[in-house]
Amino acid sequence: MKGSTKKRLIVIILVIAGSILGIYLHNEKKSADQELNLAWYRIEETAKMFWLDVKHTGKNPNDVEFFPSQDTERMMERWKAVTELYPEAGYPEEAVERDDWFEVRQIFWGINFREIQQKMIEDIGVLPEGQRIGESSLRDYIIHRSLYSLGPVLVELGLEEEDH
């Protein structure tokens, strides 16, 4: 091989290697950015779901502290009350005491509230005539104290008081 052909071959190899390295580094940065965005999304959704106040102590998602609000406390009270009647509702007392809100969120989404809701309906015997209850009514009750369709069942079970 001539010297000029060798030089061209080396240049081509270096250009290809540089391109591969550039693509790799770009993908790594893109992946890291996606992970960072996912971490911030998880923080935001956890705070919204449990009515938590958030303190940002830095630019890193690990530098975030959650503080329960009065709404958080009321939500936890509803969840705990449901768990007292239906243990499968799984109120995570230890995780709440540790302020591990990511674990609390994971536990909450892992519970089949629809199944518990069906059990509640069976336990009271009947629904008011013509009334249907939405799939997420119990979950909505715990999070938002929504009494829309599940209200009569909750009153019958002693979880809520009847409005006069």
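The values are calculated or read from the model by the stated rules, or taken from the named source; none is laboratory data. If you're wondering where the values come from, they're calculated on a predicted model, not measured in any experiment. Heads up, the Cβs are rebuilt from the backbone with ideal geometry, glycines too, and the neighbour counts pull from every protein chain shown.
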> Among the residues of segment 47-65, which ones are touching a helix residue (DSSP H, G or I) at 6+ places or on another chain (Cβ under 7 Å) and assigned to a helix (DSSP H, G or I)?
Replying inline: Met49
>> So if I check each of Phe102, Phe108, which one is of a type in the set (A, V, I, L, M, F, W, C), touching a residue at least 60 places away in the same chain (Cβ under 8 Å) and either farther than 19 Å from Glu160 by Cβ or not in a helix (DSSP H, G or I) (or both)?
In response: Phe102
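Quick check, is Phe50 surrounded by 15 or more Cβ atoms within 10 Å (Cβ to Cβ), touching a residue at least 40 places away in the same chain (Cβ under 8 Å) and in contact with a strand residue (DSSP E or B) (Cβ under 9 Å, 6 or more places away or on another chain)?
yes
Looking at Glu122, is it part of a loop (DSSP other than H, G, I, E, B), among the acidic types (Asp, Glu) and either within 27 Å of Tyr41 (Cα to Cα) or at pLDDT below 90 (or both)?
no
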>> Return the pair list, or none, for Cβ contacts closer than 8 Å from residues in segment 138-164 that are farther than 13 Å from Phe113 by Cβ to residues that are of a type in the set (Asp, Glu) and not in a loop (DSSP other than H, G, I, E, B), at least 6 apart or on different chains.
In response: Tyr148/Asp140; Leu157/Asp123
> What number of residues within segment 1-46 are assigned to a helix (DSSP H, G or I) and either of a type in the set (S, T, N, Q) or over 30 Å from Ile107 (Cβ atoms) (or both)?
Replying inline: 32
> Out of all the residues in segment 9-30, is one or more loosely packed, with under 11 Cβ neighbours inside 10 Å and either modelled with pLDDT of 90 or more or acidic (Asp, Glu) (or both)?
Replying inline: yes
>> Which of the numbered conditions does Ser4 fail, given that it passes all the others? Conditions: (1) under 36 Å from the mean Cα position of the chain (by Cα); (2) surrounded by fewer than 10 Cβ atoms within 10 Å (Cβ to Cβ).
In response: (1)
